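The values are calculated or read from the model by the stated rules, or taken from the named source; none is laboratory data. As the structure is a computational prediction, the values presented were derived from the model and not from experiment. Quick reminder, even Gly has a Cβ in these numbers, built from the backbone with ideal geometry, and neighbours come from all protein chains shown.
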Amino acid sequence: MPPSPYGPMLLIANPSAGRGRGAVLQTLTTALDATDLDYRIVTTAGPGDATELAARAVTSGDHRFVVAVGGDGTVHEVVNGLVDAGAGTARGDGLVLGVVAGGSGCDFIKTFGLPADPRKIVRHLGGDALFPIDLGRIRYVDRSGRQITRVFANIAEAGWGADVTERANGLPRWVGPTRYVAAIFLATMRMKAVLTTVTVDHTELTEPMTEVVIANGQFFGGGLKVAPRALPDDGKLNVQTWQSRPTDVFRDLPKVRVGEHLSRPDIREYQSSAVTVDAVSPLTVEADGEVLGTTPATFDVLRGQVSLKI
């Protein structure tokens, strides 16, 4: 395999991601060493490291091709290093994002049909095939009351789904992707509808809601196909408002897994370039599996700042 036309790769790896710990990274480097691809690996030691490493690499001009090795949280941090969320622009020209699944869950790659096996993904890291992608941008309130702006690659939520994520993140990582299912059942016991106002292009809706989904990609929660009509290159976010009851969750979880839940009468779906979510009591907000803060929150689309290596 010849060298990449996008220059040397910087692999930003979470060495403790997933149940296999460093096994993914070891398998990946063995496969890379059998090619002519030029790469360098840096590992993270804690939260925020991947963002700082990615930002430093592209602003210095040393790299334009950055590969996230880990789960959805690592992808989230890397894209926040590649893009200045406040300005809404990339921190370099022609930036290329690669992803190697290495966490207990990497739902982002499922929308693009990329393999999770690190030996197979090496074939996708070589060559010149790119897919320009949108990123979502979110402005929210953090736990200390500050207004924060970040970008996200895959899916954000406000309400019950963010509570699920918070519970899932508190479960042992060795449980694997099934921890999301366990968290769903735990969070459903405390599910409640909150009077919420959602504003999308040309429409404003105020009613009791349990969940608001703002999707750039199609999958979350360990393979649940929550947004089958989301397209990560159309300049729109797929927005869903839910009024689910606990019985709905228990009955329809198999439908969510295969993307057949949107016919439910308690779900409304929109395509919008911008979204505002506000509620009479703050809703928990998450993006890419990372719990961020609370509403009020606004979302919009950043187009053409990054291309995915496919």
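Of the residues GLY48, GLY86, GLY70, GLY7, the single one that is surrounded by fewer than 14 Cβ atoms within 10 Å (Cβ to Cβ) and on the phi > 0 side of the Ramachandran plot is GLY48. Taken over region 178-193, the criterion of being in contact (Cβ under 8 Å) with a residue 60 or more places away in the chain and of a type in the set (D, E, K, R) is satisfied by ARG179 alone. Of the candidates ARG19, ARG40, the single residue that is outside any helix (DSSP H, G or I), modelled with pLDDT of 95 or more and exposed (fewer than 15 other Cβ atoms within 10 Å of the Cβ) is ARG40.
Criterion applied to HIS63, HIS76 was being part of a helix (DSSP H, G or I), touching a Lys or Arg at 6+ places or on another chain (Cβ under 9 Å) and not charged (D, E, K, R), and the one residue passing it is HIS76. Quick one: in region 276-294, which of the residues that are outside any strand (DSSP E or B) and at pLDDT 95 or above is farthest from ALA162 (Cα to Cα)? The residue in question is VAL280.
Output yes when any residue across region 117-130 is surrounded by fewer than 24 Cβ atoms within 10 Å (Cβ to Cβ), touching a Ser or Thr at 6+ places or on another chain (Cβ under 6 Å) and either of a type in the set (Phe, Trp, Tyr) or under 21 Å from ASN80 (Cα atoms) (or both), and no when none is. Within region 117-130 (the criterion being surrounded by fewer than 24 Cβ atoms within 10 Å (Cβ to Cβ), touching a Ser or Thr at 6+ places or on another chain (Cβ under 6 Å) and either of a type in the set (Phe, Trp, Tyr) or under 21 Å from ASN80 (Cα atoms) (or both)), the answer is yes, since at least one residue qualifies.
The criterion of at least 2 residues that are touching a Lys or Arg at 6+ places or on another chain (Cβ under 6 Å) and farther than 14 Å from PHE220 by Cβ is met, among strands (runs of 3 or more DSSP E) falling completely within region 93-170, by 96-101, 130-141, 147-152. Listed conditions (1) surrounded by 18 or more Cβ atoms within 10 Å (Cβ to Cβ); (2) over 30 Å from TYR39 (Cα atoms) are all met by SER144, apart from (1).
If you filter region 218-275 down to residues that are of a type in the set (Val, Ile, Thr) and either touching a strand residue (DSSP E or B) at 6+ places or on another chain (Cβ under 9 Å) or in a loop (DSSP other than H, G, I, E, B) (or both), you find that the one that is surrounded by the fewest Cβ atoms within 10 Å (Cβ to Cβ) is VAL258. Can you say whether LEU95 is surrounded by 24 or more Cβ atoms within 10 Å (Cβ to Cβ), modelled with pLDDT of 95 or more, on the phi < 0 side of the Ramachandran plot and in the same structural domain as PRO118 (by TED's automatic domain parsing), as far as the supplied structure shows? Considered against the rule, which asks whether it is surrounded by 24 or more Cβ atoms within 10 Å (Cβ to Cβ), modelled with pLDDT of 95 or more, on the phi < 0 side of the Ramachandran plot and in the same structural domain as PRO118 (by TED's automatic domain parsing), LEU95 comes out as no. Pairs linking a residue in region 264-289 that is without any contact (Cβ under 8 Å) to a residue 24 or more places away in the chain to a residue that is of a type outside the set (A, V, I, L, M, F, W, C) and in a strand (DSSP E or B), with Cβ atoms under 9 Å and 6 or more positions apart or on different chains, do not occur.
A residue that is in the same structural domain as ASP278 (by TED's automatic domain parsing), under 16 Å from ILE155 (Cβ atoms) and either in contact with a helix residue (DSSP H, G or I) (Cβ under 6 Å, 6 or more places away or on another chain) or part of a helix (DSSP H, G or I) (or both) occurs somewhere in region 201-211.
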